[in-house]
Amino acid sequence: MHQVYINIVISAILEQFDSENHFYTEQLGISEFEWLNWKEGKVNLSSDNLQKIKGLFSDYEWMLLQKILRQSVLFPEKRNVAVNEYKRLKVAIAQKWLENKLATVDLIAPTKEDEEKRVPYIHLRVAVNYGEWGFDDIISFRLPAAVQQQIEGSEVPLLDWANENLLDTYIKE
């Protein structure tokens, strides 16, 4: 199994869950032993669990992940920076969509579970809507919760904030 794929999956897990442990026990229902063996390429996961891993990504993010994987095969020197490159490209694409007024940007309210756990993060979603059900292109970002207060306390609209600050805020995480 390609290590770049594993690294990007782990990065996505850590963006969306408290820990890898939480993801593989609560979401996949597997043991640490099974998880580690999968990461090392020793065993395969069930198709249901592979689908749950794919579900960590929007369709657009999944396509971007595939492109990063292909590039890391063609340019092995990129393997060590693939996760940051994936994140950087997510931001660059989202910013291009916003600059060209193709997309909308939304702060996604924390879930009740997040609020109960006092999760210090918010989710920002940039989406291009094509007017066809289920075919929107979506890129999501987990950002420190302090960003929400920064945005809400500012006269700068969310769209402008995302264009100006998303790269530094997202990549820092």
Practice task
Set Lys and Arg Cβ to +1 and Asp and Glu Cβ to -1, take the dipole of the chain about its Cα centre, and tell me which of ILE171, THR25, VAL147 lies farthest positive.
Solution key: ILE171
Practice task
Taking only Cα atoms and a 10 Å spring cutoff, compute GNM fluctuations for the chain and point out the largest among LEU124, LEU65, LEU28.
Solution key: LEU28
Exercise for the section: Please go through the residue pairs LYS54/LYS90; LYS54/LYS101; LYS54/LYS87 and name each one whose alpha carbons sit more than 20 Å apart in this structure. Expected result: LYS54/LYS101
Exercise for the section: Sum up the charges of everything whose Cβ sits under 14 Å from the Cβ of VAL128, counting Lys and Arg as +1 and Asp and Glu as -1, but leave VAL128 out. Expected result: -3
Fill in the blank from the handout: With ILE138 itself left out, Lys, Arg at +1 and Asp, Glu at -1 over residues whose Cβ is under 13 Å from its Cβ give -3
Fill in the blank from the handout: Fewest-first ordering of ARG70, ARG125 by Cβ atoms within 10 Å yields ARG70, ARG125
Practice task
Please arrange TRP133, TRP161 by counting, for each residue, the other beta carbons lying within 10 Å of its beta carbon, fewest first.
Solution key: TRP133, TRP161
Fill in the blank from the handout: When ASP48, ASP136 are ranked with the fewest other C-beta atoms within 10 Å first, the list becomes ASP48, ASP136
Completion exercise
Nearest 10, in degrees from 0 to 90: the angle of helix 158-172 to the longest Cα principal axis of the chain is 40 degrees
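Computed from the coordinates by the stated procedures, all read-outs in this text should not be read as laboratory data. This is a predicted model, so every value here is computed, not measured. Here Cβ is always computed from backbone atoms with ideal geometry, including for glycine, and neighbour counts include all displayed protein chains.
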